[in-house]
Structures are given as structure tokens and as C-alpha cells.
Amino acid sequence: MVDPVSSNSAPAASSLTSALGGNQAMGKDAFLKLLVAQLKNQDPLKPQDDSAFVAQLAQFSSLEQTMGINSRLDMLSAQSQGLQNSQIVSMVGKEAAVKGSLVTSDGTGMGVPVAFSLSGDSDKTTVLIQDQSGNTVRKIDLGSKSAGIARITWDGRNDAGNIQPAGTYQITVQAQNAQGSAVSVSQETTGTIMSVSFDKGYPVLNLDTGVSVPVADLLQVKSPPNTSKP
């Protein structure tokens, strides 16, 4: 009399667990190990049906192809990111307009451009200019402004008409409509792109004004004016 063979015994289960290596995420190698372990531990009196075996092989082939596609997609993504980073680095040395509220004065009384955008018409519009200590050096009343982009030039002087030292200044724009409600303001600043950093996981533009912004805040970029003599 032949003793029955138990294919679902603890040793078989142990072999399957060992084949998976205790890892719940099954890759193609783990799948193949599982298939081999299953064949080793099947009941010799009740071998696996051919159609089921073929289906498992088809699953393995499909898994292998999918992993190959994912690998190629990762490679294409890395190449695309590399090209994009190269294009961003090529902007170094160019003038850029970015979202921000800082401007730089050279201390000579040269005009400093200030730009902002209003979400709606304003009845009262005020521009406050503060130094690095937080002191308000200039208050400019612009009156009513239409919705959209507004540009002014600060002459680098305080309210008394004195030229302010070279440095970085904070621009704050306050706007109200005719009903006295605040109008949303989006500010922008300009500067020359000195470098691009990638340590945050995304490109960051570093301007000569001391402003650092993610590339997503870039509004405009242009070549610097040609100062060379003919």
C-alpha cells in the first residue's frame, strides 16, 4: 500500500514562504522561485494541470515584460529630466522676472523697477518700501488702479528725498476696492540669474538680488542688454 503524499503540508508551505523570501511585493525572480517551489511540492499522484502551468508561465512572461517597460520608462524620464535641467542652467546670466517682493537698490539713486498684479480694480493702492531692518523708508500712494499688471519705478529715495544705501528692500503692496475690501495682489521682482541649484529635488533660481525661487515661479526671462561697444 502506498502512503499518501501531502503536497499541502507544512514543509510545502515553508518552501513557498522561503521562495518568496518573506517579501510581500513579488517581482519576476520571486515569481519564478514560487513557480519552481510549487512544482517541487506538487502531489505526484495529482500533477498540476497543463493549462494551469501554461497560464502561470504566461503570467511570468507578462510580469517580465511589464518590468522591462517600467525600466525603460524610468530611463526615458531620467533623460528628459536631464535635458530639462540643461535648458534651465542655460538661463544663467539672463535677466528674469519672478514671483517675489524683494528688490535691490545700488545706492546711487538709479530707478528700481517694481511690478505687481491686481486681481481687480482698486480704489486705493499703496506701495510700502522697507529696509532690511523692517523700517518703512518710503510710502507711495498710487490711487486707483485697474486690474492687471502695474509697473512703477522707485527712485531709491526715502520720503525725505534722501538716497537710501545699497541693499535689498521689501516691497509691500496694499490695495482696496471702492467698497473697502482688500484686492488680492501678486508681486514680482526682477534680477539676473546667477546660478541654479537642484538640492531641493527641483530647480531653484538664485538671483543676484539675493532672491531664490523655484523655477515654477519664473514669469519671464530675457537676455541682458548688450553693453559692449561697437
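The values are calculated or read from the model by the stated rules, or taken from the named source; none is laboratory data. Everything numeric in this text was worked out from a predicted model, so none of it was measured. Positions of Cβ are generated from backbone atoms using ideal geometry, with glycine treated the same way; all protein chains shown enter the neighbour counts.
Considered as a group, the residues in the range 196-212 that are assigned to a strand (DSSP E or B) and in contact with a helix residue (DSSP H, G or I) (Cβ under 9 Å, 6 or more places away or on another chain) include one that is surrounded by the fewest Cβ atoms within 10 Å (Cβ to Cβ), and that residue is Val196. Every test in (1) within 34 Å of the chain's Cα centre (by Cα); (2) among the β-branched types (Val, Ile, Thr); (3) modelled with pLDDT of 90 or more; (4) surrounded by 13 or more Cβ atoms within 10 Å (Cβ to Cβ) is passed by Thr153 save one, and that test is (4).
Restricting Lys124, Lys94, Lys99 to those that are surrounded by 12 or more Cβ atoms within 10 Å (Cβ to Cβ), modelled with pLDDT of 95 or more and among the charged types (D, E, K, R) reduces the list to Lys124. Residues in the range 103-121 that are farther than 22 Å from Ser144 by Cβ and surrounded by fewer than 17 Cβ atoms within 10 Å (Cβ to Cβ): Asp106, Gly107, Thr108, Gly109, Met110, Gly111.
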